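Some notes on the structure that comes next.
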Amino acid sequence: MDLGVRPSKALLLPLLSLGLACGSAQTTEAPVKPATPPPEPNPFLEPSALYLLAPPFDRVKDEHYLPAFEAGMKAQIEEVRAIADAKEEATFDNTIVALEKTGAILTRVRKVFFNLEAAHTNPEIQKVKAEIAPKLAAHSDQIYLDAPLYARVEALYQKRDTLGLDPVSLRLLERYRLDFVRNGARLGDAEKTTLRALNEEESKLATEFSEKLLKETNAKAIVVDKVEELAGLSPTDIETASTAAKARGLAGKWVLPLINTTGQPPLSSLKNRALRERIAKTSEGRGRTADEFDRRPIVARLAQLRAEKAKLLGFPDYATFVLDDQMAKTPKAALGLLGQLAKGAVARAKGEIADIQKVIDKQKGGFKLQPWDWTFYAEQVRKAKYDLDESAIRPYFLLDRVLNDGVFFAANKMYGVNFKPRTDLPVYHPDVKVYEVFDADGSTIGLFYTDYFARESKRGGAWMDQLVDENELLGTKPVIINVMNIPKPAEGQPALLSWDDVNTMFHEFGHAAHGLFSKVRYPYMSGTATPRDFVEFPSQFNENWALEPSVLANYAKHHQSGAAMPADLVAKIKKSTTFNQGYDTLELVASALLDLEWHALPPGSPLPDTDKFETAALKKYGVDLPQVPPRYHSTYFSHIWPGGYAAGYYAYSWTAVLGADSFAWFSEHGGMTAENGKKFRDGILSKGGTVDAGQLYKAFRGAEPKVEPLLKQRGLIPGGR
């Protein structure tokens with residue numbers, strides 16, 4: 001947790017060694033050495049001079065990170081120490097607000113470093129991460145386990161009703177106190193020592209997990225020797241695979257990179273069943289074989305460590321500890337929702353299996369459906385049932401048009417905002433683009449960065465991050481980034497998206513809107529600083545606008561002719577939205593159940609056998625259909641081990657309920673109107689973490705969320721869209 005972001009008043013510049021050339025005027029035998037230029041100042045040690053404090057990526061070098069982390073931690077500890085040791089009686093301003101203003105240097109370097117570590121890493125960055133992760137864990141412990149500091153926070157909390165605080169300030173005080181308690185502030189000295197050791201080991205193992213996963217995913221990319229094996233892929237995809245091979249020094253071959261999920265995009269198109277099987281087994285086997293990348297011991301130990309940590313903090317297991325501070329409140333509530341979805345998903349998936357098997361049997365395949373066959377034959381079922389071919393719709397989804405005429409157009413229609421490209425601000429990779437975001441009145445809201453193409457230096461998946469947090473206390477506007485992993489086309493070829501890519505782009509912009517429209521006083525509560533099972537709500541909700549007729553008509557145009565997507569093709573897309581939802585929902589729910597089961601491990605349990613544990617967990621909840629593997633197996637489930645979603649992956653399903661339910665409200669009240677957009681912006685997106693998530697949703701919707709709209713959207717009950 002960053003305790004605060006602010007432009008630093010005291011610059012901690014490194015000592016500069018000025019190598020001056022000296023010599024006697026009478027001595028001419030040896031040439032005078034030119035002066036060694038001083039090293040460039042570390043850009044993190046002072047506020048960025050760029051517009052809206054945008055990160056100075058052009059000045060950042062790998063060697064800057066470690067000194068900046070060290071300087072930032074040192075400075076924040078000094079700031080915190082001054083607060084804790086103050087002679088004056090604790091007040092809200094000299095304790096809580098003061099804490100909000102600490103850590104400027106550390107925040108600046110963390111924001112940039114961890115974005116680059118995920119989006120454009122290299123061996124030096126990985127080395128820094130391995131070194132700094134345990135130090136950051138210790139740094140956090142040093143703050144939260146500081147007895148005098150906690151005493152001041154607790155003293156304020158005990159007299160909170162007499163302080164005359166407004167509701168937001170009172171919530172900030174309560175949140176600070178809860179964070180201290182949840183991080184061990186009330187433990188005895190011996191227990192604090194134990195907690196520090198657990199946190200240090202967890203941070204090291206999480207870092208090791210990330211490093212091994214990235215290296216293995218790159219190392220085990222599928223190399224194909226003969227172009228004939230790629231039958232079924234489009235010419236553009238084949239050219240992209242050739243380019244990827246050349247980049248690896250494998251001219252004359254073709255490389256199909258892996259993404260982080262179990263399923264891999266080429267499986268839907270490749271006709272060569274043996275190659276499909278090789279891809280699927282390689283994907284599912286990551287981290288589960290006895291080689292240098294084996295992560296099974298890491299997974300088991302992380303689960304064990306978290307169980308011990310939960311016990312230390314007074315909880316029966318880690319899932320109970322995590323959900324105690326989430327919208328769901330208890331694992332029972334999360335499991336209840338997942339159970340509802342699983343029941344419908346399993347039944348639907350079994351029907352989908354029967355449909356696909358019929359196609360296989362008609363073609364006299366002579367084999368039973370396997371995971372590597374699913375998407376290939378499901379595409380044929382889709383063509384037969386809905387007369388819809390993914391290759392027929394891709395030409396209408398040009399990346400830039402989807403962004404500008406789809407995502408940005410929808411945001412303008414809903415919220416009145418506009419986007420202007422900025423080419424004067426530095427970026428960390430040529431693929432990154434920057435936009436300034438303007439409100440309806442012409443005032444600047446913030447900056448929005450996009451980084452959409454896949455590369456070997458980027459981890460899998462898609463995400464949003466806040467490079468600068470909006471808040472009134474420090475007077476900062478939001479600087480937001482969206483990152484995806486769309487395969488980059490070969491030189492001169494258009495970047496055409498799948499329907500899934502389109503949805504993901506709208507999804508991630510929902511997160512961006514949450515950060516951009518933040519209107520809060522305190523850094524702690526900025527933008528997406530909400531519970532895990534609420535933070536995915538704006539993004540799931542925003543996916544709905546991809547199919548809004550006026551939006552779709554504006555961006556779904558042929559990349560060559562500019563012709564609008566034919567009405568019959570639009571109708572087929574809409575009709576097919578419930579297609580394959582048994583599979584899609586089940587693979588997600590299975591992963592969420594697996595996550596909760598890992599984090600329900602009782603304290604004191606011996607190290608589990610990772611493979612046996614996973615098999616038993618999926619069987620326990622009846623989601624172990626062999627044809628539908630979980631979206632993530634434990635050994636590449638980066639969301640829950642290093643990714644911050646431990647015992648929280650259910651949030652995608654929980655917030656899908658909120659997204660569908662809120663979209664139902666929009667449908668009931670006139671749909672995509674500026675009035676409705678203002679209500680959502682003001683009632684949800686602007687609030688950050690200033691209000692309890694459950695209360696916030698109920699105030700917007702006027703009622704508790706219902707699961708039925710989601711079940712209908714996905715066709716898991718009658719009456720779907």
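Rule-based calculations on the coordinates, nothing more; no lab input. Being a predicted model, the structure only gives us computed values, none of them experimental. We place every Cβ from the backbone using ideal geometry, glycine too, and count neighbours over all the protein chains shown.
Some notes on this structure:
- Two-decimal Rg to Rh for segment 43-186 - Kirkwood Rh, Cα set: 1.03
- Angle of helix 331-362 to the longest C-alpha principal axis of the chain, folded into 0 to 90 degrees and rounded to 10: 30°.
- Within segment 461-493, GluC sites (Glu not before Pro) in DSSP loop having at most 13 other beta-carbon neighbours inside 10 Å: E472, E491
- With a threshold of 32 Å on the Cα-Cα distance, the over-threshold entries among K129/K698; K311/K612; K204/K712; K215/K488; K212/K687 are K129/K698; K204/K712; K212/K687.
- Chain lengthening between K127 and H558 when straightened (0.36 nm per residue, less Cα-Cα): 150.6 nm
- For H514, H559, H507, order by how many other beta-carbon atoms lie within 10 Å, fewest first: H559, H507, H514
- Sites T289 and L178, calculated FRET efficiency, Cβ-Cβ separation with R0 45 Å, nearest 0.05: 0.60
- Site pair D325 and F438 shows an inter-label distance of 4.2 nm when each label is modelled 7 Å from Cα along Cα→Cβ.
- Label point of A490 set 7 angstrom out along Cα-Cβ; within segment 241-264, amide nitrogens under 18 Å from it belong to 241-257.
- Helical runs (DSSP H, four residues minimum) scored at -39500 (n - 2.57) apiece and divided by the length of the chain put the mean residue ellipticity at 222 nm at -15000 deg cm²/dmol.
- Residue (of L270, A151, L178) at the positive-pole extreme of segment 149-292, dipole from beta-carbon charges: L270
- Angle in degrees between helix 499-516 and the longest Cα principal axis of the chain, rounded to the nearest 10: 30
- Nearest 10 degrees, 0 to 90: helix 123-144 Cα axis against the chain principal axis: 60
- FRET efficiency, A274 to T162 (Cβ-Cβ, R0 60 Å, nearest 0.05): 0.20
- Global form of segment 303-461, assessed from the alpha-carbon gyration tensor, a/c cut-off 1.5: oblate
- Note on K343 and E70: with the Förster distance fixed at 45 Å, the Cβ-Cβ geometry gives a FRET efficiency of about 0.30.
- Residues D584, D500 in ascending order of nearby Cβ atoms (within 10 Å, fewest first): D500, D584.
- Amide H contacts of G446 (H built 1.01 Å from N, in plane; Pro and chain starts excluded): V437 sit under 5 Å, all sequence-distant by 5 or more or on other chains.
- Extended-chain gain in nm, criterion 0.36 nm per residue less alpha-carbon gap, K350 and K215: 45.0 nm
- Ranked for footprinting exposure by Cβ neighbours inside 10 Å, fewest first, H633, H429, H139 give H429, H139, H633.
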